[in-house]
Protein chains: 2
Amino acid sequence: MSAPFDLWMKDVQARMEAALLRHLPPDQQIPVRLHEAMHYAVLDGGKRVRPLLVHAAGALFDAPQAELERAGAAIEMIHAYSLVHDDMPCMDDDALRRGKPTVHVQYDEAMALLVGDALQSQAFDVLAHGDLLPAQQLAMVRLLAQASGSLGMCGGQAIDLASVGLTLSLQQLEQMHQLKTGALLRAAVLLGAMAGKQLDEEETAALDAYAVAIGLAFQVVDDILDATADSATLGKTAGKDAADNKPTYVSILGLAQSQALAQTLRSDAHRALEPFGDKARRLREIADLIVQRKA
Amino acid sequence: MSAPFDLWMKDVQARMEAALLRHLPPDQQIPVRLHEAMHYAVLDGGKRVRPLLVHAAGALFDAPQAELERAGAAIEMIHAYSLVHDDMPCMDDDALRRGKPTVHVQYDEAMALLVGDALQSQAFDVLAHGDLLPAQQLAMVRLLAQASGSLGMCGGQAIDLASVGLTLSLQQLEQMHQLKTGALLRAAVLLGAMAGKQLDEEETAALDAYAVAIGLAFQVVDDILDATADSATLGKTAGKDAADNKPTYVSILGLAQSQALAQTLRSDAHRALEPFGDKARRLREIADLIVQRKA
């Protein structure tokens, strides 16, 4: 009845590319160089995992398409800004991202700083312009702000920076990733669902459990790929974690146990979705994609 | 009847210090170092010009105190984040701010980057938690996001960076400052008024005219002080503009004409407030403060 996953995914990705372009200021607008660099940082790149999650979760409650594209654009702008800042010399100092020179290499460091800052503002501007009930739209802004800030993504990055060269326990590593990557993935799932209805406690708890499982799976697989794939396949510099002496799942658990953990987390994700029945099909398929991806 | 300006100002500043502390995550909360650095960047510093504007504009329509403190805290967090990022080596490379070492000197560059990013998220989180009508609160989020982003403050910084070493016309210089400093000052005025009522077109236009005048006055006086005061008085490095070969009002108009311009802008600000009568007293006094300040 419904389309195969890869067709659905390509359709969402194409609509998101258009939505991102629509929700960014035009690149001819003054200041032109800043807007060009914002386009460079956001457009034509990435698998759009977070917008895919927004759309997949929106399908649970038949959320309006335009509002899913809006929420997807907002969260992708937050994600893109975090990559631009993460890649800067004072952070990970990475020259390659999605197969292209990073923003501070293509432009300069000051521009990378401003691009990230402006993308964060733009994300909140986009989300606050939605057409849902104002109370619901405001709840979505709060969710995105919390997931982005010092108790979410930025907090995870701070813990990550502080942990370079340290021996983390598995629990500490999970805590760090729950903030650094997990918070935004969780926000994507909840934003999509909230665009369809006001969530009750059980729905929120089930989606939380799903988000925690795929968030950790995402990171475990990232660590596996960083240890096993090459830079050309990844579109970014491979082997950075070991070179930077960063704690990873592979360095703590070894490769085989990390692969087993990824499969366990995939089962956890599927189990969390049981209350939603067939409407959760896309969310299940994304959990599979996250565990099976090769880049 | 009402308190002298300096008492009113000290009262608002004291209440804002408490409000900022209340609206930041506690500095004992994990990640502790990030939260400590956020407190370092925001608390115990500055004249709180933007929160003063929020409160002064709130007085026009008897806005609730708690909502003015909330909006004031949000806009001050945006301002504080912009200072932290502006001071970084890839931007202005400044070691001193408000008489203290800048964040990247006191901590490190990566922490300065994260502090700024997290403060921006926190600002939107704080503003989106207000108790006004959801539609009004959402309009305030939109206003702050637009004032902060590539068509506001960040855009002004991009133009500023691109103009180092160039000969700007007076008009180009004004355009740059209207974005770089003016957008956030305008947002402060409008947020305060919006916390009291939904503004009609005439009210918005009058407040816009006031905000444009004080925004330019603020910058003209900044340039005058940079050229004439010493670092100890300013609490930041004086003479930077000339050293950095940045275009300023003083470099284009000369000192005497810049001082005359500041007085003209002060009169413009007063004239714009005429429709509001006595309720605009604090806004008038702030215009005076901006032009007469010595640091």
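Here are the numbers for the structure shown:
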| read-out | value |
| --- | --- |
| Helical mean residue ellipticity (222 nm; -39500 (n - 2.57) per DSSP H run of 4+; nearest 500) of chain B | -21500 deg cm²/dmol |
| Separation in nanometres of the label points that stand 7 Å from Cα toward Cβ, at B:Gln106 and B:Asp288 | 3.3 nm |
| Alpha-carbon centroids, region A:57-90 and region B:238-268: separation in whole Å | 42 Å |
| Projected label distance in nm at A:Asp131 and A:Asp27, using a 7 Å step from Cα toward the beta-carbon | 2.8 nm |
| Cα-based shape type of region B:21-175, given that a ≥ b ≥ c are square roots of the gyration tensor eigenvalues and the cut on a/c is 1.5 | oblate |
| Region B:5-292: C-alpha gyration tensor shape, a/c 1.5 cut-off, then a/b vs b/c | oblate |
| For region A:281-286, 3J(HN,Hα) per residue [Karplus equation, 6.51 cos²θ - 1.76 cosθ + 1.60, θ = phi - 60°, Hz, x = Gly/Pro] | 3, 5, 5, 4, 5, 5 |
| Axis proximity, chain B to A: residue whose C-beta lies nearest, plus whole-Å distance | B:Pro134, 2 |
| R0 of 41 Å, Cβ-Cβ distance B:Glu17-A:Asp6: FRET efficiency to nearest 0.05 | 0.15 |
| Förster radius 30 Å - calculated FRET efficiency between A:Thr264 and A:Thr167 (Cβ-Cβ, nearest 0.05) | 0.80 |
| Convex hull of the protein assembly as shown built on C-alpha atoms - directionally averaged projected area, nm² | 25.8 nm² |
| ³J(HN,Hα) computed for each position of region A:117-134 - Karplus, 6.51 cos²θ - 1.76 cosθ + 1.60, integer Hz, glycine/proline x | 4, 5, 5, 5, 4, 4, 4, 6, 4, 4, 5, 6, 9, x, 9, 6, 4, x |
| Entries in B:Lys10/B:Lys294; A:Lys240/A:Lys294; B:Lys47/B:Lys100; B:Lys100/B:Lys240; B:Lys246/B:Lys294; B:Lys180/B:Lys240 that, when Cα-Cα distance is taken, lie over 19 Å | B:Lys246/B:Lys294 |
| Across the identical copies, how the B:Gln106 labels are spaced - nm, sorted shortest first, 7 Å along Cα→Cβ | 3.5 |
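Coordinate-derived values only; no laboratory data. On a predicted model such as this, the values are computed, not experimentally measured, just so you know. Every residue, glycine among them, receives a Cβ derived from its backbone with ideal geometry; neighbour counts consider all protein chains shown.
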